[in-house]
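The values are calculated or read from the model by the stated rules, or taken from the named source; none is laboratory data. Note that this is a predicted model, so its numbers are computed, not measured. With ideal geometry, Cβ positions are generated from the backbone for all residues, glycine too; neighbour counts draw on all protein chains shown. Please note that ligands, DNA and RNA were not included when accessible areas were found on the heavy atoms of the full protein model with its side chains. Shrake-Rupley method; radii C 1.70, N 1.55, O 1.52, S 1.80 Å.
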Amino acid sequence: MSRPYRLQGENCLYLITSRGNGRQKIFVSDSDYRQFMFYLLRSKEKYNFYLYAFVFMGNHYHLLIETTQPNLARIMHYINSSYTTYSNVKRNRYGHLFQGRYKSILVDKNSYLLELTRYIHLNPVRARLVTKPEAYKWSSYRGYLTKAGDGYIDKEQVKKDIPLSAEHYRQFVVEGLNGNRDPLKDVYAGFILGKTDFIKEKLEDLKQIVEGKEFSFKGELTNSVKDSEIMDSITRKYGIDRADLRKLKHRPSKEKKVVLYLLKRYSNLSNAEIGEQFGVSYSSVSKAAGSVERQMNEDKRLRKEIDAIISHFKG
């Protein structure tokens, strides 16, 4: 059976779900939750989307995000591949961490945004992990109850689209405990959630994309930097030319690892495309980038060094 096409667009709201392979745990310790949040926030910086709500459970997670560009696939590839690499390195294992592809549902924001935030925030209660949603640490619910938010969700965007006071929102969520309302029962064709007019509009969009054979998203817009600018900054910093960097195929030097890390984080290139340039596999790109990130957390001098490089191409 072919996989369903994902309708990608700008200013689209999506409910994202991803589960552990074979329902295995993807989060084991608090450090795992923190690292996943780290990659989520990094992806926001890289791909410029809004985060409305989230919950991280033991063997799955839910995100409610709104894109500003047609780049959902790149967002999710960055998050899941980065976290998979981190988890596999930490636990000395190989292979898939997540069960197949993530599930994405295109959402009619005007009709289902509020209901879906409640669905997400009640997940830990319905799983009997806590008795009250505010008691669960790894969800955005607490951010809805404070004026400033939690530093993770885009609070101003949330207030704009959900103009409820903290107390009224709390009441709305608590009311959900008294019923069995499941908004996902209304999903159409497995990937659209909305009123009839919204569904018709999005199906027409999909038809035009398919008929126009616009299946390649190589030109997706991001907050990316040209790879040439990153390379120029590296060569200036370390006094090594591009040809020499590309020749280092075995046991990459620190300089080459930094290049791989910065290209993965800031450029619009895929891991495979980066690897092709430097004579390494796509998995080696992920491993090198993960290695640099861990070292930056432990070595302030390296972090300062890399921040100086970033300042050259980010202005």
Check your understanding: Relative to the longest principal axis of the chain, what angle (0 to 90°, nearest 10) does the C-alpha long axis of helix 109-121 take?
Key -> 80 degrees
**Study point:** Tail fraction, Cα-Cα pairs, region 260-302, threshold 13 Å, whole percent
**Key:** 50 percent
**Study point:** lysines with Cα under 18 Å of Lys195, excluding same-chain neighbours fewer than 8 positions away
**Key:** Lys109, Lys185
Point to revise | Overall dimensions of region 141-187 as given by Cα atoms, namely Rg and Dmax in Å | key: 12.3, 33
Review point. Given region 34-145, what whole percent of its Cα pairs are spread farther than 25 Å?
Key: 25 percent
Practice item. Run the numbers on the chain and let me know its relative contact order in percent, using alpha-carbon pairs under 8 Å that are six or more apart. Key: 17 percent
Practice item. Indicate, rounded to the nearest 5 percent, the antiparallel portion of the DSSP beta bridges found entirely in the chain. Key: 90 percent
Point to revise | Rounded tilt (10° steps) of 166-175 against the dominant C-alpha axis of the chain | key: 70 degrees
Revision key, fill the gap. Applied in sequence order to region 303-308, the curve 6.51 cos²θ - 1.76 cosθ + 1.60 (Karplus, θ = phi - 60°) yields integer Hz couplings, x standing for Gly and Pro, of 4, 5, 4, 6, 4, 5
Revision key, fill the gap. Lys and Arg at +1, Asp and Glu at -1: neighbours of Phe56 with Cβ under 14 Å from its Cβ sum to +2
Exercise for review: Return the inverse of the average 1/r over all pairs of distinct C-alpha atoms in region 88-132, which is the Kirkwood hydrodynamic radius, in Å to one decimal.
Suggested key: 13.9 Å
Study note, to complete from the structure: Given pairs Lys160/Lys226; Lys257/Lys300; Lys103/Lys207; Lys132/Lys160; Lys25/Lys300 and cut-off 22 Å on Cα-Cα distance, the over-length ones are Lys160/Lys226; Lys132/Lys160; Lys25/Lys300
Check your understanding: Given a 1.4 Å probe, how much area per residue of the chain is accessible, in Å²?
Key -> 52 Å²
Review point. How far, in nm, would the chain grow between Phe38 and Ala148 when pulled straight, counting 0.36 nm per residue and subtracting the alpha carbon separation?
Key: 37.6 nm
Study note, to complete from the structure: Rounded to one decimal in nm, the spacing of the 7 Å Cα→Cβ label points at Thr196 and His168 is 3.0 nm
Check your understanding: Roughly to the nearest percent, how much of the accessible area of region 83-219 is carbon and sulfur, given a 1.4 Å probe?
Key -> 50 percent
Study note, to complete from the structure: Taking Cα atoms only, helix 254-266 is inclined relative to the longest principal axis of the chain by an angle, in degrees rounded to 10, of 30 degrees
